[in-house]
Each structure stands twice: as C-alpha cells, then as structure tokens.
Amino acid sequence: KTVFVIDHGPIMARPSDSPIELDVFNKPRGHGPGAFIPVTPVCKSLWTCAAEASFEYCRIVWDIYPTGRLIRFMICDTKVNPVGSWGTNQQNLTSITYHFAQLGVPIPDVRHGDSNIMHGLTAALEALTECSDAQLEKLKSPENKSKVHNRGRVICISSFREDGYIRNLESFFQETVIQINQRNFAPTHMPIHHCDFVVVNIYPNPPTLALKEHLRLDLSPLLSCEVISACASRMLASRLVSLVLQHYELASTTVTGIPMKEEQNASSSANYDVEIFHPVAAHADILKLKVNESALFIMKEGYGYKTVTLKWCTPRATSNSVEMWPCSSAYRISPVDVTSRPSSCLTNFLLGGRSVMLELPRSGTGGRTTSHMLAAHGGEIFLHSLLIGRSVIEDPPSISEGSGGRVTDYRIPDFGELMKENKLVPYLFTEPAGPTTPVERASNRMERWTQYWPMTISSTIVFNMGVHMESLTKLIVNEELTDDQVIECKKVIYNLLAIESRNEPLPPTCSGHRDRGAKGNRREEQYRILFKECEIMLRHHCRSEQHRRVLACLLECRSK
Amino acid sequence: MPLAIVLDVSLSMSRVVSTPEEEEEYQRKHLAIHGINVLLDHLNTHSKLEFVSLVVFSSMYEILSSFTRDYDAVRAKLQNIEDRDKTYLEAALHGVSILINDEWGQNTPCHVLLITDGSSSLNILGLSRTLLNGQRGSTRPEEALPFLPFNFPAKFHVIAITSPDDPSLAVSMPVYQKIIDLSGAEGSVFVPEGGLSLKSVQNMFTKIAELHYSSFEGTLRSGSLSDSILLYPPPRVSDAENMEVIHCKISKDITICGFVDLIDVASPPAVSRHLVLPVHSANKSDASLVELKAEGEGEDDLLATPEEGKNPSFCVLLHGALKVENMGAICNVGEKWYGLLYSWADSKKKSNLMLSIFEPGTKCIPWLGDLSLLGSFSEATSPGSFTTFPIKPNEKRSYAQSCVVWVQPGNLQADIQKILRHARKMPDKTQHFYKELNRLKRAALSMGFADLLETMAVILDRECTLLPHTAHPDCAMQLTHASAQLRLSRDVRHNITALRTKFTPDD
C-alpha cells in the first residue's frame, strides 16, 4: 500500500521555469513576412510536474501488478483531499486522473495560507491502517490472523524551504505512527507494522537552494525514511521512475535492434531500441551467468539503474505451428516511454498476436542464446523467461520406441473427436456454484467418456460400426438419460438385431478383429462378439436407472 | 540429475584388499569399478535417460567420458583404467568443475560422486592443514581450492573405498567433510559398512543409487484408460511461496480434466517439465480387451501376451491425438495443482509426451484464469456462462490504450503536431481532430496544466490565419470554434464537440 501526499498549495503553483518550446516543427510557410506569429513557450507548474511524475509511477506499477499493489493519494492545500481508496475499482489511472481534474489548479494566492502537509501525512497514515480487501479476506481465517502484515509507504511531494523543516516532518511522522498504532483498532483496521517514508522535494529550475538528500535510513523498527530532492519536470519524473524500480523490485531490459520502417521514408528501415520494465525475477537466470558478463548490465545515463540489453530476433513469418517454449516464468511488462513511436510499434506488434524471441548478446564463443520471449496474452504483454543452457531432457528416445510404440492401429482420430468434445473453457463466476467446481465436473465427464474406450481399431467392433452404433455410444456417456434418449438407445439395439437377422456383413474394418483366428471370419461369430462388447460397454455405464433400462433391453433381446 | 563420477586412479587405489572370507584378491580399484557398475545397472533399469560422465584423477585429471546416456561406453572405459601416480583432490575438483560448466552451464543441478581410497596421503595431510587447522602463513582455503564452492547447483558425495576402522579415516574424513561444506552442495561421505569387501561396496553403491536415482512411477489415468508411467526427470518436491510456504508433493495419480488448444495456453510458465514414459507391465493389457476375452469361450489360446511395444499404451494414443489436433491436456497433479500434457519434439522426428507442471495453485497462469473454473465447453448451460481464451483483464494496460505522458517535452510537441495535422485535413478528419483535442484537454486538466490550454487556443487561432487558400471553408470555422471552446470549458467531463456547419454531412 502506498499513499502519495502531494502539496496542492500556492508554492506548487509556481512555474517550473523550464519552458517547452511548442514551435519546433512549425516552419514559417510562404505567406510573406509577418504572417508567422511566434507562440510563447509554455511552462509546467510544480504541481503539474508532481502530478505527471506520480501518474507515471502509478502507470508502471499498475501495468506490471494489476492487482495487489494499491496506491492512493492525499492532496493537501488548506484541507486534505483524499483521492481514491483501497477499493480495486479505484486502482486505475482513469479514475485517478479524473479526480485530479476535479481538484483543478493550485491557487497561487499566498493569502490563502500555506498548505498543511502534516495533516496530509496524518491522513495518509490513517489510510494505511484501513485494511485492503485482500487483507480483510486473509483476516477471515483465524489461523492466518497473526500472519497478516500491514506494511505501507508514504511518498510526500512538496517544495520545501529548508532542511530543518524536513527533519521536523520526519520526527512528526515517526511520532504519529507510534500514536496511531496505540489505538484500539476496529476489525476493519490494523496497526502499521512497517512504513517507508519518502520525502521528495521539488524545486524549479534553476535551483533556488539545495536541500540535503539522504538515502534510506531505518529510523526505528517501524519506520525507514528517505529524502530526495529533484529539479522539477524531467528530473523529478526520472527520480520517481528510479524509485518505482526500487520500491517494487523491478528491473529494466532494453530490446535492441528492432527493425522499424522510417516515418518519412517507408521503404527503408532503421533499428531502434525500446526499454521495458518488469519484475527483477525475470532476470534470475541471466543473473546467475558468469560475473564477467557484467557488460550485459549497462548503467542508464542520468538514471540510477542498470538495464539489460537483449537482442530482438525477427520472428520467422512461416512458423504457424504452435511451439511450446521451455518457459520458466512470465511477468507483465510496462514500456518506459510508452508514447514513443518505437515503443508503440513494439507493443502493437505484440498485441497483434506475434511473439518476439530475445537473445543474449553474443559472447566470445559466438553462440546464440535465446533467453526471453515477449508475447501478449489477452491484451497484456508478458516477458517469458526461457530456460537457458543444455537441458537434461534433450534428445530423448521417441515415444514410438517405448512401450506401446509399435502398435499401429490406435483410434487416434476418434480420440481427437473425444478431445474436442471435452474441450475446456473458462467459466464465469456467475455460473451457479454447485458443490463441485467446473474443473471437477469436467474431470467427471472425462471419466464417463472414457469409461469404456478401446484404444485400437482391432480391439473393438462396437466403435467400428459407424452410423449403426453412433447414437448409442454418444448418448450412453451422459450423466443421465431422458426417456427419449433411452428409446433412442433401444432403437440402436433393435436395429442391430435387424441387420443380424438379415445377415448383413459387418463393416469391413471389423474384420481385422483379433478374435478372428481359428474359427475364421464367420459372420455369426462377429455378431456374437459385437453383442458381447455392447453388453460390456453398457455394463460400464450402468450409472442410473435409465442406463440400466438400456442394458436390460439388450439382455432381453439376446436371451430370445 | 546428470551424474559425474570422479574416480581416484592413484597407486594407492591398487592396494590389495585382504579379506579372509573371500578367495580372490581384489584391489581397491576393482572394488570401486564394481561399485560403479552396480550404480550403472541401477540407472539402466530405473533411470535410463540420466547422463553419466567419468573423470579419473591422480595428480592430473582426465575426462574419460563426457556426459552420455550410453552406459556401456562408460563401462568399457572402466575396463581400461591405468594406474597413475598420487591422489590430488584439487585436480579432481578442477576437472569436474570444468566438465560440468562446459556441458551444463550454471543452472542445471548436477551430482558429483568422488570415489577415493580414504588414505591419509600427503595431499590429504596438506589439505587438512590448510582447511582445518588454518595455520598461519599457509594458503587460505579459497586459494587452495579455487573451484569451490561449485558455481552450479549440486549434490556432492565422497565415497571412501576403505574399511570403516581404517585409522587414516580419522585424518581424511574431516577433510572430505570440509570439502563438501566448502562446495556449498548438499552431500555426505560414504564408507562401506562392516569391513571392505565386494559385498559391502556393492551394498553401499546400491544404497546411494536408491537414494538418489529412484524413479517417479505413477499412473496417468482417465476413466478406464490408464497407463503406468515414469516421469523423467523425477519431479522434486517444490516449495511455493505465497505469503506462506506450502509444501507440495506431486500426486502419483495424474488425472486428465480436459483439453485445450495449444494456441490458447501459449507457452505457460512451468516449475518443471518431465518426459512421460509409458512403462510396460506384462500383466496389464487393454482392460476392455481382457474383459471381452474373458467372456469368450475357450479362446484363451489366442490370448498370448503381446510382446513389448505391441501392447497398446494410453500414453501413445494420447500423444498421437494431441499431436494431430495441436491440443494439450490439462491434468490434475495434486491438490489444487495442475499441469499440461502435450506433444513435444526435440528434433523434428522424435516426439514425446511431455508434462509441464505449473506453479501450485489455481491462478498460476493469468491468461487461463482460475484453473478450477475451467469447465467443459459442451456442458455449459448457456452461452453467457463462459468466456473464451485468453482471459482479458478488466482494464487495459497503459500501452494498449491512448495514454498521455508528457514527461519528455517531445511527447507533448508530438501530440500538438498530431492535432494540427488533423486540423489541416478537416473536414475529413474532423472526428480525429476533436478526439485528439479532447484527449489533450483531459490530460492538461488532470495535471493542472492550465497554461497549455491557453497556448493551444492561441496555436489554433494562428493555424486559422495560416490556412492556405485551398483549405476547405469548414476548416476555419471548426478551428475558431475549438479555440473558443478551449478557453471556455474547464470541466473534465465536458467534451468539445464539432460545430455543426452546413458542411456537416447530414446523418
């Protein structure tokens, strides 16, 4: 759980003094001199910088962790305006930006009075004591109760005037945590077990005064604290990006050598790089590689983190067959510069259903190692880590060399049909929940469908009878039979008797039956086996009174 | 896991073992070779796909056989082992470390089996001084044994071919133990129990083999169709960490729940992958066939048990069908634990049935959703009760929607350029123009970027004056309208809509 406390007071209305020229692309066109009126460059206010930087922070977190990582805001001016809640429906940028727009621009008038950060911090800590949905769920089971931890982080963005004020904030924060924890908590609230307090000072360009930064310090077992000072606009955003990596254990990968058509000149293409963030665990395998491959990890200029460079492998256009890669884990990603053209080209390519293999840069030996794969599933892009190195299951003997491998008359097309009949689809929660889960019901269904299922063509006559038997074999696997279905099954049996009495030959596939042999391929013998097998099948499926009626019918007919 | 046998071939290994009860005289070397053969026999019957390598060492090491499944080749090498000079454990560790790094890299767990004679040779005494006593001035352990700890996950066992009451063990045992500790691998020292003899060595190797190379035997089942199977490599007990540690052991019974198209499961993350090998058992044959025969009258003479390979196997049937249909079978491998069976080919020709075991739990693959909610397509009651793969998240990710980030000034400039590009192409692009304009307005309002709105209005006004004569008259009207609206409206809920002009196509 993270709470942003952002100052919305007059000081934040100050311009950041780093103007953005909006005229860059506009060349004066031939309308004679004076036709071109220059546009004054615009300047973001400190508030705008803080807002956009925290939006970026949220965007990255929610891209990679759509659930389970909660963020809300406390905006302080003369009063504290909470934005969002721990509720999962509030955990998205659309809702946050909407609330921000409602708040509007900070009022530059100093007479309104300074904003009260302290109140904001108190409100933030109070918010942290509120249980999230996941925590409430965990608290429900008594044995888990002691295991549920309540850890949080408060990120405070404002423009401070002096170091002493930040010291004060720190000690105020520490006292408040202790005070709040001493309360008696309602069942929906919890004490804070650990809190990380990050103070971010932002200042306009050029800096008016420099405040001391310090790295994360443990002030008490309950609290750690960090102070960061950044120049507004770009620097602030990049510092927050570095923070997000650290706070959520993310790492960066740069996909290099992406061939892309030039915007101006569609016939030529150049290579581009795209940087993405993902959980650091996706690098687990390459981290284990030799330490001397540290060339793999390149420090990103101007940012406090390293990025791994992996090479894009153009996918083969012809490979339509589904390949199962030896994938050990898959993590969501977020592009660093989401709106840039290379980024959106890459993400659109992936969202379109293609996948991209990523290769480690060639080492001295020149071998290629494919270490990762980027692919989208359901509109989300995942970075799959693949197993690298030799596998112990390489080059196994073919299944046809093992037991049962030399049998040639398996009923493979029939089993394929069975598989299609037993395909799984994701059920929705709204489905009336019975005593069994859908997957258990599917499992039971499989059990019924394979209750009597000869594996080879030569071991069955029933399943070689084609249309003569089809309605019986299809219906009998049902959980229950209706009266009409019983009649349908009986019809099949009567029909069999009829063709027997007419002494019609059985379909030619039946003649391959193993029971041929000494007694020859006599028709009566075949019919005898057919009815015997039919009986065995029906006995296997005797799960209801209705099923028993079908069996009884067969036995009755045969006894005549 | 791949096994590296590291055998001491120093002269001390050719010492003769004096055993009163046995007639023949054996050298320690022979006992060791006998033991290795016992181990290979065990592998041959229980774990045929295991890779084995053979390294011999004295003061130098030599790789006699790199990792192979051809156990007979390893045996053949064992026949022609020469005696060399003296024991030097550093060489052994060096050799095995290089061999494993070359073949398997650093991620594959390997088993190192060091076979030596347990005598207190000069080398052992030296190591004892360096490693255990830590005498001043002597080399530190990391200098003496630069290859420890192993840079790959390993099991490491030391086997001393000596009698348990050999006095030199008092010196050598602590050294072996220390080396195992330093290696960072799990392992222990083995000494034959109850005196040195062919029998005791054999027992010791059998014990090691059974301890580490027992195969996983289970049943793959669906209804009456079932098959005894071996999983290779044998699954290990896995620990899943999800707020609390759950210990999971894979069930012996693997049941098929249903089938999915491989294209839907894509490449799912898996904790481990195993070959599913059908096991031939003589007493088992096609159950339905047996029943049919049993009912037959005196036809038993025809029921000769089919030879191996001729007996139909469920695995082969399943594999064939999965391969043809490009599908996978979701199966239950334990309590709330699932896996996927599919056809997998290392090369184009040899394909196999493979089992990928997912992370324990039912929500291990985001795009398949909760696995316990997978139900039969044909049994679904209404079309609205299920969705299709892949499961789509409720919200789109930032890269899948038009998201506004103006951290880099270039991004803002590009957005403004885009609006102007559309503006010049009105009325064809009127819709796009207003869509982009509203997007910019919304973003500016949520960031409290008021100046931008004013500036944008100015830019639109200027654009109006810059319009070429060829421009459509609607263009100017829309631009003026948009710029006025930008100055007026400060409500995020309000979208600027196109001005209805006489040029607006009637709808």
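The values are calculated or read from the model by the stated rules, or taken from the named source; none is laboratory data. Just so it is clear, the structure is predicted and the values come from calculations on it, not from any experiment. Cβ placement follows ideal geometry from the backbone for every residue including glycine, while neighbour counts extend to all protein chains displayed.
Here are a few things to note about the model shown:
- Answer from B:378, B:356, B:398 - the residue that is modelled with pLDDT of 75 or more and within 7 Å of chain A (Cβ to nearest Cβ): B:398
- Scanning the range B:420-441 finds no residues that are within 30 Å of residue A:232 (Cβ to Cβ), at pLDDT below 80, among the charged types (D, E, K, R) and surrounded by 20 or more Cβ atoms within 10 Å (Cβ to Cβ).
- Some residue of the range A:67-77 being within 13 Å of chain B (Cβ to nearest Cβ), at pLDDT 80 or above and within 30 Å of residue A:167 (Cβ to Cβ): yes
- Within the span defined as the range B:167-184, one or more residues are within 20 Å of residue B:111 (Cβ to Cβ), buried (at least 20 other Cβ atoms within 10 Å of the Cβ) and among the small types (Gly, Ala, Ser).
- So residue A:210, is it assigned by the TED database to the domain that holds residue A:68, assigned to a loop (DSSP other than H, G, I, E, B) and modelled with pLDDT under 80: yes
- Cβ pairs under 7 Å, 6+ apart, first in the range A:401-416 and in a loop (DSSP other than H, G, I, E, B), second small (Gly, Ala, Ser): A:403/B:309; A:403/B:313; A:404/B:309; A:404/B:313; A:405/B:309; A:406/B:309; A:409/A:458
- Flag if residue B:41 is at pLDDT 80 or above and either crowded, with 18+ Cβ neighbours inside 10 Å or of a type in the set (Asp, Glu) (or both): yes
- Meets criteria (more than 7 Å from every other protein chain (Cβ to nearest Cβ), over 14 Å from residue B:275 (Cα atoms), more than 19 Å from the chain's Cα centre (by Cα) and at pLDDT 80 or above) for residue B:323: yes
- Residue that is surrounded by the fewest Cβ atoms within 10 Å (Cβ to Cβ), among those in the range A:470-489 that are free of Cβ contacts under 8 Å to residues at least 24 places away in the same chain and either within 42 Å of the chain's Cα centre (by Cα) or not in a helix (DSSP H, G or I) (or both): A:474
- For the range B:105-121, a residue qualifies if it is within 14 Å of chain A (Cβ to nearest Cβ) and part of a loop (DSSP other than H, G, I, E, B), and the qualifying residues are B:105, B:106, B:107, B:108, B:109.
- A count restricted to the range B:63-104 and to residues that are hydroxyl-bearing (Ser, Thr, Tyr) and assigned to a helix (DSSP H, G or I) stands at 2.
- Residues located in the range A:51-91, provided they are surrounded by fewer than 18 Cβ atoms within 10 Å (Cβ to Cβ) and part of a loop (DSSP other than H, G, I, E, B): A:65, A:67, A:68, A:69, A:78, A:79, A:85, A:87
- Any hit, the range B:112-124, residues being charged (D, E, K, R) and at pLDDT below 80: no
- Within the range B:333-353, the set of residues being touching a Gly at 6+ places or on another chain (Cβ under 8 Å) and either of a type in the set (Phe, Trp, Tyr) or within 7 Å of chain A (Cβ to nearest Cβ) (or both) comprises B:337, B:342.
- In this entry, residue B:226 passes the filter for residues that are at pLDDT below 80 and either in the same structural domain as residue B:48 (by TED's automatic domain parsing) or under 15 Å from residue B:329 (Cβ atoms) (or both).
- Residues in the range A:429-447 that are within 30 Å of residue B:324 (Cα to Cα), within 7 Å of another protein chain (Cβ to nearest Cβ) and surrounded by fewer than 21 Cβ atoms within 10 Å (Cβ to Cβ) were compared, and the one that is modelled with the lowest pLDDT is A:437.
- Taken over the range A:448-469, the criterion of being in a helix (DSSP H, G or I) and either within 12 Å of chain B (Cβ to nearest Cβ) or closer than 13 Å to residue A:544 by Cβ (or both) is satisfied by A:448, A:449, A:457, A:458, A:459, A:462, A:463.
- Residue check, residue A:371 modelled with pLDDT of 70 or more, touching a helix residue (DSSP H, G or I) at 6+ places or on another chain (Cβ under 9 Å) and at the interface with another protein chain (Cβ under 7 Å from one of its Cβ atoms): no
- When residue B:55 is tested against the conditions (1) touching a residue at least 12 places away in the same chain (Cβ under 8 Å); (2) within 33 Å of the chain's Cα centre (by Cα); (3) farther than 20 Å from residue B:190 by Cα, the lone failure is (3).
- Scanning the range B:252-281 for residues that are under 15 Å from residue B:352 (Cβ atoms), in a loop (DSSP other than H, G, I, E, B) and basic (Lys, Arg) yields a total of 0.
- Residue match in the range A:351-362 (condition: farther than 30 Å from residue B:404 by Cα, at pLDDT below 80 and facing chain B (nearest Cβ under 9 Å)): no
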